[in-house]
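Visitor: Following this message is one structure expressed as structure tokens.
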């Protein structure tokens, strides 16, 4: 072990997500009255994810970090919105298929926010370049008069 | 001991609330309003949560990037 920082970060991430999976598997298994099947499915998922993770680690490492964060953020926001509203007593039009609309909709709006932000920054930068220089700033930037001769 | 308790509390605050408590309050208010509409008034307000979440996201993004050209 030569990188404890990476180990700690990975351990915390896997522990957190793993606990989520445990809670989800127990909740679903208990509500269906078959905890054994839920535990077996969760264990199978661990094996599949580990194998896929090892197999695609090289292309995964090439995905830009911010792109991955953006995609994960969209999924979390969409699923959180879906389940939050459902838990509050709403029936989604089309049932679970509403996610097929909700995920792209949140993705498109988020992309729109990103574009708007980029444009407003570009406009602000252009405005600051085009702004007239104040006389005080011009005097400060000019060389002293005795240095001209 | 106090420092450990404080860092434990800070972890949960960061985990549940995040960078801005107002975003959490907006989502909680949207959930309560959705529940009131669905249970008490019989309105299937599926549209309320996405609208509130997207509005809160835009507002939070604008606030976080304000003055950072």
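Visitor: Using only alpha-carbon positions, what ratio does the radius of gyration of chain B give when scaled by 2.2 N^0.38 Å?
Guide: 1.48
Visitor: I've got another one for you. Kindly express, to the nearest 10 degrees and within the range 0 to 90, the angle between helix A:35-55's C-alpha long axis and the longest C-alpha principal axis of chain A.
Guide: The two axes meet at around 40 degrees.
Visitor: Semi-axes, largest first, in whole Å: what does sqrt of 5 times each Cα gyration tensor eigenvalue give for the range A:10-68?
Guide: They are 28, 13, 9 Å, listed largest first.
Visitor: On to the next question. Rounded to two decimal places and with Rh computed the Kirkwood way over Cα pairs, what is Rg over Rh for the range A:85-132?
Guide: Answer for the range A:85-132: 1.38.
Visitor: In Å, what Kirkwood hydrodynamic radius results for the range A:36-89 from the alpha-carbon pair distances?
Guide: 13.8 Å
Visitor: Semi-axes of the equivalent ellipsoid of the protein assembly as shown: what are they in whole Å, largest first, if each equals the square root of 5 times a C-alpha gyration tensor eigenvalue?
Guide: 44, 27, 19
Visitor: Can I ask one more? Averaging over every viewing direction, what projected area does the convex hull of the Cα atoms of the range B:30-69 cover, in nm²?
Guide: Answer in nm², one decimal: 2.9.
Visitor: What FRET efficiency do you get for residue B:55 and residue A:27 if R0 is 22 Å and r is their Cβ-Cβ distance, rounded to the nearest 0.05?
Guide: Efficiency computed from Cβ-Cβ geometry: 0.15.
Visitor: Hey, another quick one. Evaluate the Kirkwood expression for the hydrodynamic radius of the range A:8-137, namely the inverse of the mean inverse distance over all pairs of different C-alpha atoms, and round to one decimal in Å.
Guide: 19.1 Å
Visitor: Just want to confirm a number: the relative contact order over chain B, from Cα pairs under 8 angstrom separated by 6+ residues, in percent.
Guide: Across chain B, relative contact order equals 26 percent.
Visitor: Could I have the simple spin-label model distance between residue A:119 and residue A:11, label points 7 Å from Cα toward Cβ, reported in nm to one decimal?
Guide: 4.8 nm
Visitor: Starting from the Cα of residue A:79, move 7 Å in the Cα-to-Cβ direction to define the label point; list residues of the range A:43-65 whose amide nitrogen is under 17 Å from there.
Guide: Answer for the range A:43-65: A:43-50, A:53.
Visitor: Let me ask another. Taking R0 as 30 Å, what FRET efficiency do you get between residue A:105 and residue A:4 from their Cβ-Cβ distance, rounded to the nearest 0.05?
Guide: 0.10
Visitor: Using a Förster distance of 22 Å, how high is the FRET efficiency between residue A:20 and residue B:32, based on the Cβ-Cβ distance and rounded to 0.05?
Guide: Given R0 = 22 Å and the Cβ-Cβ separation, E is 0.35.
Visitor: Need one number: nm distance between label points at residue B:63 and residue A:127, each 7 Å from Cα along Cα→Cβ, rounded to one decimal.
Guide: 2.2 nm
Values quoted throughout were computed directly from the atomic coordinates according to the rules given, and no laboratory measurement underlies them. Please read all numbers here as calculations on a predicted model, not as lab measurements. Counting neighbours? That spans all protein chains shown, and the Cβs are built from the backbone with ideal geometry, glycine included.
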